[in-house]
Amino acid sequence: MRNKFYNANEAFSHFWFAIRNKGVEFDDTLAMFNIGFEIKHPLKNKIEAPWRKWNEKYAKAEWKWYLSGDPKIKKLGKIYGKVPKIWKRMADDKGKVRSNYGWQWQRKNQIDEVVQLLKNKPDTRKASISIYDAKEISTYGNDTPCTYAINFTILHNRLNMSVVMRSNDLWFGFCNDQYCFSMLQKMIAETLFMDVGTYYHFAQNFHIYKQQLIEHAGH
């Protein structure tokens, strides 16, 4: 299995065909398991495959929503102009979601802690942001965060990042998540006055929903 890609679009295109051809039926998806790969240029984060019709405006809005740290979906609606149906399905009775990654990493000031760790000890192995939290599992209901953790490592004066996910759908999840994660990597690198390095992405379950396969069978 190929595990190095120039940019996010190259990774997306490769796994669209790989999962479609080699994935196994799992729930209502075709899935591959324990998939890890490196993106050499994380900031080349636009998904340009013509059949995907990726919405960069939405990805930017989601990133701004994460930066706000507000878990309410109405905040995304104010930024983007509307709230996508998927977020409405995931919200609790107060209009909040647990999958707003910014809300997660702002708890306990995780970004500030990571930056300080890297400043104090550039070769630290402790610069990690936790997303999925078993201590709040009773609140997950319709919305369980897909990401376990985001880890940062300085190597050759460049900030590398690795993302570990329990579950990741290629069509929506990967395309929009990789954009927001790479922007986070850029933000932290700039705070540390260094260049962005590589982005390593690992998904325990990497999948495509069958409905997407049906709708885009010609690609």
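Listed by chain and number, the lysines whose alpha-carbon sits under 17 Å from that of Lys126, ignoring those within fewer than 8 places in the same chain, are Lys108.
Under the simplified labelling scheme, the Thr191-Leu117 pair shows an inter-label distance of 1.2 nm, with each label point 7 Å from Cα along Cα→Cβ. How much net charge surrounds Phe37 when only other residues with a Cβ under 13 Å from its Cβ are counted (Lys, Arg +1; Asp, Glu -1)? Local net charge: +1. The simple Förster model, with R0 at 25 Å and r as the Cβ-Cβ distance, assigns Lys53 and Phe33 a FRET efficiency of 0.35. Every pair of different Cα atoms in the chain enters the Kirkwood calculation, which places the hydrodynamic radius at 18.0 Å.
Mean residue ellipticity at 222 nm from the helices of the chain, using -39,500 (n - 2.57) per DSSP H segment of n ≥ 4 over the full residue count, to the nearest 500 deg cm²/dmol?
-11000 deg cm²/dmol
For segment 43-169, the Kirkwood hydrodynamic radius comes to 16.2 Å, computed from all pairs of different C-alpha atoms.
Please calculate how many Å² of accessible area segment 42-139 carries per residue, with a 1.4 Å probe and no DNA, RNA or ligand atoms counted.
For segment 42-139, the solvent-accessible area averages 61 Å² per residue.
How much FRET efficiency would the formula 1/(1 + (r/R0)^6) give for Ile86 and Asn3, where r is the Cβ-Cβ distance and R0 is 45 Å, rounded to 0.05? With R0 = 45 Å, the Cβ-Cβ based efficiency is 0.95. Using the Karplus relation 6.51 cos²θ - 1.76 cosθ + 1.60 with θ = phi - 60°, the per-residue 3J(HN,Hα) values for segment 27-43 come to 6, 9, 10, 9, 9, 10, 10, 6, 9, x, 7, 10, 10, 5, 10, x, 7 Hz, with x marking Gly and Pro. One chain, two ends: Arg166 and Thr144. Fully extended at 0.36 nm per residue, the span grows by 6.9 nm beyond their Cα-Cα distance.
Applied to segment 182-188, the Karplus parametrisation 6.51 cos²θ - 1.76 cosθ + 1.60 on θ = phi - 60° returns per-residue 3J(HN,Hα) values of 5, 5, 5, 4, 4, 4, 5 Hz, with x for Gly and Pro.
Rolling a 1.4 Å probe over the protein chains gives Leu43 an accessible area of about 80 Å².
Shape analysis of segment 101-151 yields a ratio of the Cα radius of gyration to the Kirkwood radius, Rg/Rh, of 1.05.
For segment 24-126, the set of trypsin sites (Lys or Arg not before Pro) satisfying both a DSSP loop assignment and a count of at most 15 other C-beta atoms within 10 Å is given as Lys40, Lys44, Lys46, Lys53, Lys82, Lys94, Arg125, Lys126. Working from label points 7 Å from Cα in the Cα-to-Cβ sense, the Val24 to Asn109 distance is 4.7 nm. For segment 13-69, which whole-number percentage of the solvent-accessible area (1.4 Å probe, protein heavy atoms only) is attributable to carbon and sulfur atoms? With neighbouring chains kept in place, the figure for segment 13-69 is 50 percent.
Within segment 142-196, the chymotrypsin sites (Phe, Trp or Tyr not before Pro) that combine a DSSP coil assignment with at most 15 other C-beta atoms in a 10 angstrom radius are Phe193. Amide H contacts for Met165 (H built 1.01 Å from N in the peptide plane; partners 5 or more residues away or on another chain; cut-off under 5 Å): Tyr148, Phe202, Ala203, Gln204. Our coupling estimate for segment 86-97, obtained by passing each phi through the Karplus curve with A = 6.51, B = -1.76, C = 1.60 and θ = phi - 60°, is 4, 6, 4, 5, 8, 6, 7, 5, 9, x, 10, 10 Hz, Gly and Pro reported as x.
The values are calculated or read from the model by the stated rules, or taken from the named source; none is laboratory data. The shown structure was predicted, so the numbers you read here are calculated from the model rather than taken from an experiment. In this analysis, Cβ positions are derived from the backbone assuming ideal geometry, glycine residues included, and neighbour counts consider all displayed protein chains. The protein model used for the area step is the full one, side chains on, heavy atoms only, and it has no ligands, DNA or RNA in it. Shrake-Rupley method; radii C 1.70, N 1.55, O 1.52, S 1.80 Å.
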